[in-house]
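Laboratory data are not the source of any read-out in this text; all were calculated from the coordinates shown. Computed from a predicted model, the values in this text were never measured in an experiment. Because the Cβ atoms are built from the backbone with ideal geometry, glycine has one as well, and the counts that use them run over all protein chains shown.
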Amino acid sequence: MPVPEALLPLTQDPGFWTGQISDTDDLPPLLRVSFPVVDGYALVLEIELPSGERTLGLRRPASSEPVQLGWAPATGPFPASLHWWELESFARVIALDDPLLPHPGLVVALLSPFAPATADDDLATIAAVREAAYRSLRREVPAAVACGPEQAPLPLFTDDRWWPAPPALSPQVLDEAAVAALSAPAWATLQVRAGSRFPHEDLFDLVRRSGARLRRLPEQEWYAQTRPLARRIVDAADLSLVPALLGALTEAGCDHPTVLDALSEPLAPLEACWMVETLAGAEPGTLLRHHV
């Protein structure tokens, strides 16, 4: 997994996502998160602590250091380093190659501020994918400690107010208000792509390779056998057929954890949608728009 262990506690801190990091004493002054995409390309996010300043870079094949795509303070404004459709394409490819990074999930949560919406984007779809990404953030919750009297109390003292249970830690990192605020797609304000130092050719090459990677998948091995069923789900916009698709893939010998997890119960509609679209060879968002 490319996410450093030092970052994991931060991602479980609500303040990390709202720009109010509480405790960085035990963390290195610079965190670097590298997300390999395809053919030696990687998206690299650097986070300076305790300020929370973030730099997004693109590492090219046979290169050790990334070229900068954009920089932002902890709370923004974030530059329009990526188009939304570019980020989602990259996130899908990353998820296919790393089962520990499902989509939408941590990749979208960390990088979507660098992919603000434009007038050509479907705002409802972006908001839904971002919301799913932030809701996917989970933390381990310790087992509840037994509380209450050691023996049965007198009837007068059996009420819960006499034996209040300790507050339970929620597995959801962000509360509903924070999820709603973060999910709303920001509009592009800082334009960095027009600069002469922006790596246009490299980013274009990565977009091309990512698209090719997604287009090749439904033509390979067992995916080709199940592509008609995936296409049927897309055309009908009916996720009730997903269990049948999962069964057909399993019977055909598919053992890809990302593919199987995305289609397994309990079904996360947005996670299932992108996988079905990919297996069907459909345009990203074709099925998703019916379920947001």
*Among residues other than ARG209 whose Cβ falls under 15 Å from its Cβ, what is the net charge (Lys/Arg +1, Asp/Glu -1)?*
+1
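Quick one: which of 82-91, 188-197 comes out on top by average Cβ neighbours within 10 Å, and what's the full order, highest first? Please report the intermediate quantities before stating the final value.
Details: 82-91: 22.2, 188-197: 11.8.
Result, highest mean Cβ count within 10 Å first: 82-91, 188-197.
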*Calculate for the chain the 222 nm mean residue ellipticity that helices alone would give, adding -39,500 (n - 2.57) per DSSP H run of length 4 or more and normalising by residue count, nearest 500 deg cm²/dmol.*
-11500 deg cm²/dmol
*the range 75-115, relative contact order [Cα under 8 Å, separation at least 6], %*: 56 percent
*Just add up the charged neighbours of SER63: K/R +1, D/E -1, any other residue whose Cβ is under 15 Å from the Cβ of SER63.*
-2
_Taking every DSSP beta bridge with both residues inside the chain, roughly what % is antiparallel (nearest 5)?_
90 percent
_Compute, for the range 161-292, the length of the dipole vector about the Cα centre, with Cβ point charges of +1 (Lys, Arg) and -1 (Asp, Glu) only. Units Debye, rounded to 20._
360 debye
_Please compute the contact order of the chain in relative form: average sequence separation of alpha-carbon pairs under 8 Å and at least six residues apart, divided by the residue count, as a percent._
16 percent
_Ranking request for peptides 64-71, 117-124, 266-273, 166-173: highest mean number of other beta-carbon atoms within 10 Å first, then the rest in descending order._
266-273, 64-71, 117-124, 166-173
